[in-house]
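The values are calculated or read from the model by the stated rules, or taken from the named source; none is laboratory data. All values derive from a computational prediction rather than experimental measurement. With ideal geometry, Cβ positions are generated from the backbone for all residues, glycine too; neighbour counts draw on all protein chains shown. The area values use the complete protein model at the heavy-atom level, side chains included, leaving out ligands, DNA and RNA. Shrake-Rupley method; radii C 1.70, N 1.55, O 1.52, S 1.80 Å.
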Amino acid sequence: MDMPFSLPRRRLLAAALSSLPLALALPGCSSKAEPLPFEGNDITGSQLGRDLDMIDTTGQRRTLADFRGKVLLVFFGYTQCPDVCPTAMAQAAQALQLLGDKAGEVRVIMVSVDPARDTPEILGAYVQAFDPSFVGLTGTPEQLDKTARSFKAFYAKEPGPTPEHYAMNHSSAFYLMDREGEARALLGPSLTPEDMAHDIELLL
């Protein structure tokens, strides 16, 4: 029969356990997401994008909570972008095709960095030309500033020949977010649709 610990030994054991970090003392309770073999850059733990707050193409205010349960691909661009944005949207559409039936668990979101010209109607027609499930978000300059800061996304107006004809410089990567709204990977323009589909599937 095992003898119970003596009082001094019980006190010593309690002191040792109390000095352990909670994540070690309680296995399986760590809040850090499991590392995954992303083709993109792993940004797990960065907490990017938590302040997403824009207007969708139906005029409804949308925050990150509205997309909980879906894996997200978030991109910052604008409808009059000559090359980077249409290429990115086409690649995202191809990635969804590669996912087959699982594509319904994914939402591709394009946040407009040009809210002055990208009305909900214009943006909606643009993104849905690539895939009917794509979501376009626009809003006020203040909403864009808050959202972009949350993602640490860059954008800047580049003057053109007239005040109405200008370009927008902007970040060109997709932010991959898991079903809980946590940013997990940054998918740069060098990745193929196959690479993108691979990383998305890791979170499905």
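Under 8 Å between Cβ atoms, which residue pairs at least 6 apart in sequence (or on different chains) link something in segment 76-90 that is closer than 19 Å to residue 54 by Cα and modelled with pLDDT of 95 or more with a partner that is among the basic types (Lys, Arg) and open to solvent by 10 Å² or more (accessible area, probe 1.4 Å)?
Cβ pairs passing all conditions: 78/117; 79/117.
Against the condition of a type outside the set (Lys, Arg), within 19 Å of the chain's Cα centre (by Cα), in a loop (DSSP other than H, G, I, E, B) and surrounded by 18 or more Cβ atoms within 10 Å (Cβ to Cβ), how does residue 49 come out, does it pass?
On the way: of a type outside the set (Lys, Arg): yes; within 19 Å of the chain's Cα centre (by Cα): yes; in a loop (DSSP other than H, G, I, E, B): yes; surrounded by 18 or more Cβ atoms within 10 Å (Cβ to Cβ): yes.
Here the answer is yes, as residue 49 does meet what is asked.
Quick one: would you say residue 42 is among the acidic types (Asp, Glu), over 13 Å from the mean Cα position of the chain (by Cα), at pLDDT 95 or above and open to solvent by 60 Å² or more (accessible area, probe 1.4 Å)? Give the derivation first.
Numbers: among the acidic types (Asp, Glu): yes; over 13 Å from the mean Cα position of the chain (by Cα): no; at pLDDT 95 or above: yes; open to solvent by 60 Å² or more (accessible area, probe 1.4 Å): yes.
Against the criterion (among the acidic types (Asp, Glu), over 13 Å from the mean Cα position of the chain (by Cα), at pLDDT 95 or above and open to solvent by 60 Å² or more (accessible area, probe 1.4 Å)), residue 42 does not qualify.
Within segment 192-202, take every residue that is open to solvent by 30 Å² or more (accessible area, probe 1.4 Å) and in a helix (DSSP H, G or I) and give me the one that is farthest from residue 83 (Cα to Cα).
To start, the set of residues in segment 192-202 that are open to solvent by 30 Å² or more (accessible area, probe 1.4 Å) comprises 192, 194-195, 198, 201-202.
Subsequent filtering for residues that are in a helix (DSSP H, G or I) retains 194-195, 198, 201-202.
Values: 194: 20, 195: 20, 198: 24, 201: 27, 202: 29 Å.
Here the residue is 202.
Any idea which of (1) at pLDDT 95 or above; (2) among the β-branched types (Val, Ile, Thr); (3) over 26 Å from residue 179 (Cβ atoms) is the one residue 119 doesn't satisfy?
(1)
Looking only at segment 52-72, filter to residues that are polar (S, T, N, Q) and free of Cβ contacts under 8 Å to residues at least 24 places away in the same chain; which one of those is least open to solvent (accessible area, probe 1.4 Å)? Before the answer, list the steps.
Within segment 52-72, the first condition is being polar (S, T, N, Q), and the residues that meet it are 57-58, 60, 63.
Next cut, free of Cβ contacts under 8 Å to residues at least 24 places away in the same chain only: 60, 63.
On the way: 60: 108, 63: 43 Å².
For segment 52-72, the residue satisfying everything is 63.
Restricting to segment 100-130, what's the tally of residues that are closer than 22 Å to residue 202 by Cα and touching a strand residue (DSSP E or B) at 6+ places or on another chain (Cβ under 7 Å)?
Step one: of segment 100-130, the residues closer than 22 Å to residue 202 by Cα are 100-110.
Next, only the ones that are touching a strand residue (DSSP E or B) at 6+ places or on another chain (Cβ under 7 Å) stay: 105-110.
So the answer is 6.
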